[in-house]
Amino acid sequence: MRVLVGVKRVIDFAVKVRVKPDKTSVVTDNVPHSMNPFDEIALEEAVKLKEANHAKEIVAFSLGPAKNQEILRTALAKGADKAIHLEVDDATYQKVEPFHVAQAIAKLAKDEKFDLVFLGKQAIDDDANQTGQLVAGFLNWPQATFASKVETEGTSHLKVTREIDGGLETIKVKLPAVLTADLRLNEPRYATLPNIMKAKKKPIDKKTPKDLGLDLTSQTEVLEVSEPPTRKGGEFVEDVPTLVKKLKEKGAL
Amino acid sequence: KSTLVIAEHNNEKLGPITLSAVTAAKKLGNDDISILVAGSNVSKVAEEAAKVANIKRVIIADSDVLKTQLPERVCDLVVASQNQFKFTHILAGATSFGRSLVPRVAAKLSVSPITEVIAVQSEDTFVRPTYAGNAISKIKSKAPVKLLTVRGTAFEQAAATGGSGKGEQAPKADINTDVSEFVGQELSKSDRPDLQSAKIIVSGGRALKSADNFKILYDLADKLGAAVGASRAAVDAGYCPNDMQIGQTGKIVAPELYIAIGISGAIQHVAGMKDSKVIVAINKDKDCPIFQIADFGLVGDLFKVVPELTEAIKK
């Protein structure tokens, strides 16, 4: 099995994002970035499949500006065999939609005959939760989203436990398939120093949108990005009886 | 202009999120709203759907292969319906069902979907949160068909009665049943209301210290007729299952009353509950961020305060 793992470079999860005064986007300059945490989980699961001899090769893919190479190096240090960087400039990247990323991934998956596309369930910047499902739709492959457990069933199927609203669901999908990782699937490993050194020698294949015949025409336009309305703190109450009284006054109890 | 709402149901009952999606559909300004009910033995659900206020048509797909509503199968039906009716908008709730399905349909229609919509400004302009709710984006869609998932917490439920939609068979779709198969489901069983529809939610964090200690929350919840939620920290610590998680990576809720107990108020948790009408926070650390968004804060030891509160409500 050959696995294509999509990795996105996002503002680090520990950073409190700020909206730009001109309301066009959020502040990204001089802000720490890292690999989307859900993509890290997808990558870790792919590496586990390889360690269990179910996967032969893992290729990490990222679409974005030159800086995306950093996270591709991280992916290589964590166990990807090689990487593909679809490079676009900053201005172009601003307008890229999950739709376009999914088209690129679908094209690669088809052209290079991958058996499995593995992504995070959502990126923590746009919180869109679309890319995996879009890839599956473009390829007409089965999908197992929000995976919290992945087991192989022979060489042709995967059994996947999914996190759904009311609990858990188990499905079987036939390969080739698209999977998206949920939080509880695994705990990603850290890259070790020797692996970071080794990763420097692994290949990163650069591609352009043209190489993949990718049309980046926008279907959406961001009109404004604003701060959410802030919720005002209320008051401290002294004890339980006061709390109950106040809640009753407000009609909340 | 016409809109399709994809019903969420369990073959017996229409899910409340469908009613929220109908409200969002109404805000698009189209009077021609259809509901697609795809499942197995769904006549009851279809009847329910026909009665929803403002519904013109109920498209019914009743088949064994749709029993578990796998996205691959429902997707093909939505696409077939779209080819016949040429809707301008297709909506579903932002739930695990809608989230799985809508982008897949979008790919088949070559459309960029807009997910997690919290406000409809016009037929083509929508508002959605990003960065765990720390930024709000207003987005205009130029797509020929708008595909949306909408958050139940942002749209009131449409009236369940008053409509008289006319039933119609869904067009034939070539459904491929080979590629995916339903194996089983393990749904959390509880007599309490579920998080998404509960009027009151009692929610616990890491300060509960163990799964056993969650019992004091269940006792309080049962007194209040409330649902019980948890922070990601509590889920990660193994105190409760993930389907109780509220936050950016869990469920988004907006009850009338939210009681956060032993929860510090990490951004990722607040993203999932800050639209609650009244927020109460109980925590022993008076500097923790949850107090900044709480209407009422009580500083104290939760193991003392919570049983006291349960007792006070009994009276």
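The values are calculated or read from the model by the stated rules, or taken from the named source; none is laboratory data. Just so you know, these numbers come straight off a predicted model, no measurement behind them. All Cβ positions, even for glycine, are placed from backbone atoms using ideal geometry, and neighbour counts span all protein chains on display.
Please tell me if residue B:31 is more than 25 Å from residue B:253 (Cβ to Cβ), modelled with pLDDT under 95 and away from chain A (no Cβ under 13 Å).
Values: more than 25 Å from residue B:253 (Cβ to Cβ): yes; modelled with pLDDT under 95: yes; away from chain A (no Cβ under 13 Å): yes.
Yes; evaluated as a whole, the condition is true for this residue.
Take residues that are of a type in the set (Val, Ile, Thr) and tell me which of the strands (runs of 3 or more DSSP E) falling wholly in region A:141-253 contain 3 or more. Write out each step before concluding.
Working: elements: A:143-153, A:157-164, A:167-174, A:177-181, A:204-207, A:220-226, A:235-237.
In region A:141-253, A:143-153, A:157-164, A:167-174, A:220-226 are the strands (runs of 3 or more DSSP E) which contain 3 or more residues that are of a type in the set (Val, Ile, Thr).
Checking the condition more than 10 Å from every other protein chain (Cβ to nearest Cβ), over 22 Å from residue A:253 (Cβ atoms), buried (at least 22 other Cβ atoms within 10 Å of the Cβ) and of a type in the set (A, V, I, L, M, F, W, C), which residue from B:263, B:252 passes?
Working: B:263 fails: over 22 Å from residue A:253 (Cβ atoms).
B:252 is the lone residue from the list that is more than 10 Å from every other protein chain (Cβ to nearest Cβ), over 22 Å from residue A:253 (Cβ atoms), buried (at least 22 other Cβ atoms within 10 Å of the Cβ) and of a type in the set (A, V, I, L, M, F, W, C).
In region B:276-295, which residues are surrounded by 22 or more Cβ atoms within 10 Å (Cβ to Cβ) and either more than 9 Å from every other protein chain (Cβ to nearest Cβ) or of a type outside the set (Val, Ile, Thr) (or both)? Spell out the reasoning first.
Taking region B:276-295 first, the residues surrounded by 22 or more Cβ atoms within 10 Å (Cβ to Cβ) are B:276, B:279-283, B:290-291, B:294-295.
Scanning region B:276-295 gives B:276, B:281, B:283, B:290, B:291, B:294, B:295.
Kindly list, by first and then second residue, each pair from a residue in region B:262-285 that is within 24 Å of residue B:303 (Cα to Cα) to a residue that is among the charged types (D, E, K, R) and buried (at least 20 other Cβ atoms within 10 Å of the Cβ), limited to pairs with Cβ atoms under 6 Å and residues at least 6 apart or on different chains.
B:278/B:295; B:279/B:295
Filter region A:148-196 for residues that are over 22 Å from residue B:189 (Cα atoms), facing chain B (nearest Cβ under 7 Å) and free of Cβ contacts under 8 Å to residues at least 24 places away in the same chain and give the result.
Once the filter is applied, which keeps residues that are over 22 Å from residue B:189 (Cα atoms), facing chain B (nearest Cβ under 7 Å) and free of Cβ contacts under 8 Å to residues at least 24 places away in the same chain, region A:148-196 yields A:159, A:172.
Output the number of the condition that residue B:210 fails; it satisfies all remaining conditions of (1) part of a helix (DSSP H, G or I); (2) out of contact with any helix residue (DSSP H, G or I) (no Cβ under 7 Å at 6 or more places or on another chain).
Unmet for residue B:210, out of (1) part of a helix (DSSP H, G or I); (2) out of contact with any helix residue (DSSP H, G or I) (no Cβ under 7 Å at 6 or more places or on another chain): (1).
Among what's in region B:60-114 and is hydroxyl-bearing (Ser, Thr, Tyr) and not in a loop (DSSP other than H, G, I, E, B), pick the residue that is farthest from the chain's Cα centre (by Cα). Outline the logic, then answer.
Going through region B:60-114, the residues hydroxyl-bearing (Ser, Thr, Tyr) turn out to be B:63, B:68, B:81, B:88, B:95-96, B:100, B:110, B:112.
So of that shortlist, the ones also not in a loop (DSSP other than H, G, I, E, B) come out as B:81, B:96, B:100.
Values: B:81: 24, B:96: 8, B:100: 13 Å.
Within region B:60-114, the match that is farthest from the chain's Cα centre (by Cα) is B:81.
The rows are residues; the columns are (1) of a type in the set (S, T, N, Q); (2) more than 23 Å from residue A:160 (Cα to Cα).
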residue	(1), (2)
A:75	no, yes
A:86	no, yes
A:92	yes, yes
A:106	no, no
A:114	no, no
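Within region B:124-142, is there a residue that is in contact (Cβ under 8 Å) with a residue 60 or more places away in the chain, charged (D, E, K, R) and more than 7 Å from chain A (Cβ to nearest Cβ)?
So the first thing to find is which residues in region B:124-142 are in contact (Cβ under 8 Å) with a residue 60 or more places away in the chain, and the list is B:129, B:132-134.
Filter once more, so that each one left must be charged (D, E, K, R): none.
No, there is no match, as no residue in region B:124-142 is in contact (Cβ under 8 Å) with a residue 60 or more places away in the chain, charged (D, E, K, R) and more than 7 Å from chain A (Cβ to nearest Cβ).
Name the helices (runs of 4 or more DSSP H) wholly inside region A:48-124 in which the number of residues that are in contact with a helix residue (DSSP H, G or I) (Cβ under 8 Å, 6 or more places away or on another chain) and in contact (Cβ under 8 Å) with a residue 24 or more places away in the chain is 1 or more. Steps first, answer last, please.
Numbers: elements: A:68-77, A:90-94, A:98-111.
In region A:48-124, A:68-77, A:98-111 are the helices (runs of 4 or more DSSP H) which contain 1 or more residues that are in contact with a helix residue (DSSP H, G or I) (Cβ under 8 Å, 6 or more places away or on another chain) and in contact (Cβ under 8 Å) with a residue 24 or more places away in the chain.
Can you list residue pairs whose Cβ atoms sit under 8 Å apart, with the first residue in region B:301-314 being surrounded by 14 or more Cβ atoms within 10 Å (Cβ to Cβ) and the second being among the small types (Gly, Ala, Ser)? Count only pairs 6 or more apart in sequence or on different chains.
Cβ pairs passing all conditions: B:302/B:207; B:302/B:262.
Taking region B:29-59 as the region of interest, how many residues are farther than 20 Å from residue B:96 by Cβ and either of a type in the set (Val, Ile, Thr) or assigned to a strand (DSSP E or B) (or both)?
Count: 8.
Could you list, in sequence order, all residues of region B:105-137 that are under 23 Å from residue B:269 (Cα atoms) and basic (Lys, Arg)?
B:128
Which ones in region B:143-160 are farther than 12 Å from residue B:25 by Cβ and either in a strand (DSSP E or B) or in contact with a Ser or Thr (Cβ under 7 Å, 6 or more places away or on another chain) (or both)?
Within region B:143-160, the first condition is being farther than 12 Å from residue B:25 by Cβ, and the residues that meet it are B:143-145, B:147, B:149, B:151-154, B:156-157, B:159-160.
The answer is B:143, B:145, B:147, B:149, B:152, B:156, B:157.
Of the numbered conditions (1) touching a residue at least 40 places away in the same chain (Cβ under 8 Å); (2) touching a Lys or Arg at 6+ places or on another chain (Cβ under 6 Å), residue A:33 satisfies every one except a single condition; which is it?
With respect to (1) touching a residue at least 40 places away in the same chain (Cβ under 8 Å); (2) touching a Lys or Arg at 6+ places or on another chain (Cβ under 6 Å), residue A:33 is out only on (1).
Specify the residue that is surrounded by the fewest Cβ atoms within 10 Å (Cβ to Cβ); the eligible residues are those in region B:154-209 that are among the polar types (S, T, N, Q) and within 13 Å of chain A (Cβ to nearest Cβ). Can you show your working first?
Filtering region B:154-209 for residues among the polar types (S, T, N, Q) gives B:157, B:161, B:164, B:169, B:176-177, B:180, B:185, B:188, B:190, B:196-197, B:203.
Of the ones still in play, those that are also within 13 Å of chain A (Cβ to nearest Cβ) are B:176-177, B:180, B:185, B:188, B:190, B:196-197.
On the way: B:176: 14, B:177: 12, B:180: 22, B:185: 14, B:188: 15, B:190: 14, B:196: 22, B:197: 14.
Here the answer is B:177.
Return yes when residue A:206 is over 28 Å from residue B:142 (Cβ atoms) and either within 24 Å of the chain's Cα centre (by Cα) or without any contact (Cβ under 8 Å) to a residue 60 or more places away in the chain (or both) and no when it is not. Break it down into steps so the answer makes sense when it comes.
Details: over 28 Å from residue B:142 (Cβ atoms): yes; either within 24 Å of the chain's Cα centre (by Cα) or without any contact (Cβ under 8 Å) to a residue 60 or more places away in the chain (or both): yes.
When the stated conditions are applied, residue A:206 passes them.
Please verify whether region B:67-79 includes one or more residues that are assigned by TED's automatic domain parsing to the domain that holds residue B:142, touching a Lys or Arg at 6+ places or on another chain (Cβ under 7 Å), crowded, with 23+ Cβ neighbours inside 10 Å and hydrophobic (A, V, I, L, M, F, W, C).
So the first thing to find is which residues in region B:67-79 are assigned by TED's automatic domain parsing to the domain that holds residue B:142, and the list is B:67-79.
Checking the rest, the ones that are also touching a Lys or Arg at 6+ places or on another chain (Cβ under 7 Å) come to B:71, B:75, B:79.
Imposing the further condition that a residue be crowded, with 23+ Cβ neighbours inside 10 Å reduces the set to B:71, B:75.
Now drop any that are not hydrophobic (A, V, I, L, M, F, W, C), which leaves B:75.
Yes, there is a match, as at least one residue in region B:67-79 is assigned by TED's automatic domain parsing to the domain that holds residue B:142, touching a Lys or Arg at 6+ places or on another chain (Cβ under 7 Å), crowded, with 23+ Cβ neighbours inside 10 Å and hydrophobic (A, V, I, L, M, F, W, C).
Which condition breaks for residue B:132 when tested against (1) part of a helix (DSSP H, G or I); (2) on the phi < 0 side of the Ramachandran plot?
(2)
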